[in-house]
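S.K.: Structure provided below as structure tokens; questions to follow.
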Amino acid sequence: MTAQIISGTEIAKQIREELKQEIAGLKQKHNLVPGLATVLVGEDPASQVYVGQKEKTCQALGMYSERHDLPADTAEAALLSLVDRLNKDPKVHGILVQLPLPKHINETRVLYAIDPKKDVDGFHPVNVGKLMIGEPDYIPCTPHGIWQLLVRSGAQVEGAEVVVVGRSNIVGKPIANILLQKKKGANATVTVCHTGTRDIAFHTRRADILIVAAGRPKAVTADMVKEGVVVIDVGVNRIGKAESGKDILVGDVDFDAVKEKASAITPVPGGVGPMTITMLMLNTVKAAKLAAGLS
Ligand code: GUN
């Protein structure tokens, strides 16, 4: 079997087109321009690229964006005071504080300080809780993107055996919660594997849908999957530099070998990555509609 390649680039483009139309309509009918504020502390090169992409995508879709770059030695109190100001700013519907934060800043305290109504990352405990009980306002962007990839590529999620490798708060736990919901495009049987799992391959070989967010190249090899599996690879591992100076990226799955057994698989890059930013835009549009009483 040679797998269908699930293109996140293409599916993200489709969703962005839909959002662009919706944003134009909000502007025209309601004079409402969805706004996102991004906050970056320090100079981590990968984070700078991510924040830059978020800002650019906002502009491309006709949204308002503002970017706050703070030095690495910014005091926690100063960051909290910026968050407080953004919480009160009516132009700003969504606030994104790029993670990781420098070690001297308490990440939890900062995430708790964001108004849950503006928490377009879906990381505030109020939004985590709402997702858990099946009434989400904002679904975290990466798992939301994974869900859309599955649904829009025609994967049979309802009733499927889904195995998630990785239990992070950003990916593993929320995607497990999403696919557990008794809803269309979900309603799966979900198993979550992690570093404490005795025999990961025992579980992955049973999967109809395998979602891998382990943070390690070749964490999943061909002998660990069954014929016909649908594979979503969330990994982003930099394994060196090409002659052009660009980073060489690979996922967590041995793509070349696993694609020979899978019925569908996401590539890295061009799989989950482009979906994450798109879902951030979708959450920001939703925040603007909620703030205006339109949703
Ligand atoms: N760093 C890596 N992924 C994310 C994300 O989804 N949101 C934020 N705020 N920071 C991140």
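The values are calculated or read from the model by the stated rules, or taken from the named source; none is laboratory data. Since we're looking at a predicted model, the values are computed, not measured. Here Cβ is always computed from backbone atoms with ideal geometry, including for glycine, and neighbour counts include all displayed protein chains.
S.K.: Report yes if LEU131 is within 18 Å of the chain's Cα centre (by Cα) and under 14 Å from LEU40 (Cα atoms), otherwise no.
M.R.: So LEU131 does not fit the description; no.
S.K.: Report yes if some residue within segment 4-17 is over 24 Å from TRP147 (Cα atoms), surrounded by fewer than 16 Cβ atoms within 10 Å (Cβ to Cβ), modelled with pLDDT of 95 or more and of a type in the set (D, E, K, R); otherwise report no.
M.R.: No, segment 4-17 contains no residue that is over 24 Å from TRP147 (Cα atoms), surrounded by fewer than 16 Cβ atoms within 10 Å (Cβ to Cβ), modelled with pLDDT of 95 or more and of a type in the set (D, E, K, R).
S.K.: Being part of a loop (DSSP other than H, G, I, E, B) and within 16 Å of the ligand (Cβ to nearest atom) is the filter here; which residues of segment 144-166 pass it?
M.R.: Answer for segment 144-166, where residues must be part of a loop (DSSP other than H, G, I, E, B) and within 16 Å of the ligand (Cβ to nearest atom): just GLY166.
S.K.: Hey, another quick one. Scan VAL49, VAL97, VAL83, VAL92 and give me the residue that is out of contact with any strand residue (DSSP E or B) (no Cβ under 7 Å at 6 or more places or on another chain) and β-branched (Val, Ile, Thr).
M.R.: It is VAL49.
S.K.: Let me ask another. Evaluate segment 267-290: report whether one residue or more is modelled with pLDDT of 95 or more, within 16 Å of the ligand (Cβ to nearest atom), more than 21 Å from SER47 (Cβ to Cβ) and touching a helix residue (DSSP H, G or I) at 6+ places or on another chain (Cβ under 9 Å).
M.R.: yes
S.K.: Please enumerate the residues belonging to segment 1-34 that are more than 16 Å from GLY273 (Cβ to Cβ), touching a strand residue (DSSP E or B) at 6+ places or on another chain (Cβ under 7 Å) and of a type in the set (Val, Ile, Thr).
M.R.: Hit for segment 1-34 is VAL33, nothing else.
S.K.: Moving on. Give me the pairs: first residue in segment 101-127 and among the hydroxyl-bearing types (Ser, Thr, Tyr), second residue within 14 Å of the ligand (Cβ to nearest atom), beta-carbon distance under 7 Å, and six or more apart or on different chains, which are they?
M.R.: Partner pairs satisfying both residue conditions: TYR112/HIS124.
S.K.: Output the number of residues of segment 87-100 satisfying the condition of being surrounded by fewer than 22 Cβ atoms within 10 Å (Cβ to Cβ) and within 15 Å of the ligand (Cβ to nearest atom).
M.R.: Count: 3.
Each row is one residue, and each column tells you yes or no for (1) exposed (fewer than 13 other Cβ atoms within 10 Å of the Cβ); (2) hydrophobic (A, V, I, L, M, F, W, C).
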{"site": "LYS29", "(1), (2)": "yes, no"}
{"site": "VAL51", "(1), (2)": "no, yes"}
{"site": "GLU55", "(1), (2)": "no, no"}
{"site": "GLU66", "(1), (2)": "no, no"}
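S.K.: Identify, please: which residue in segment 38-59 is in a loop (DSSP other than H, G, I, E, B) and within 13 Å of the ligand (Cβ to nearest atom) and is, among those, nearest to ALA78 (Cα to Cα)?
M.R.: Step by step, filter segment 38-59, then rank; the result is GLY42.
S.K.: Just checking, how many residues over segment 37-53 are over 16 Å from the mean Cα position of the chain (by Cα) and in contact (Cβ under 8 Å) with a residue 24 or more places away in the chain?
M.R.: Of the residues in segment 37-53, 7 are over 16 Å from the mean Cα position of the chain (by Cα) and in contact (Cβ under 8 Å) with a residue 24 or more places away in the chain.
S.K.: Taking the stated definitions as given, is HIS144 surrounded by 15 or more Cβ atoms within 10 Å (Cβ to Cβ) and over 18 Å from HIS124 (Cβ atoms)?
M.R.: Criteria not met by HIS144.
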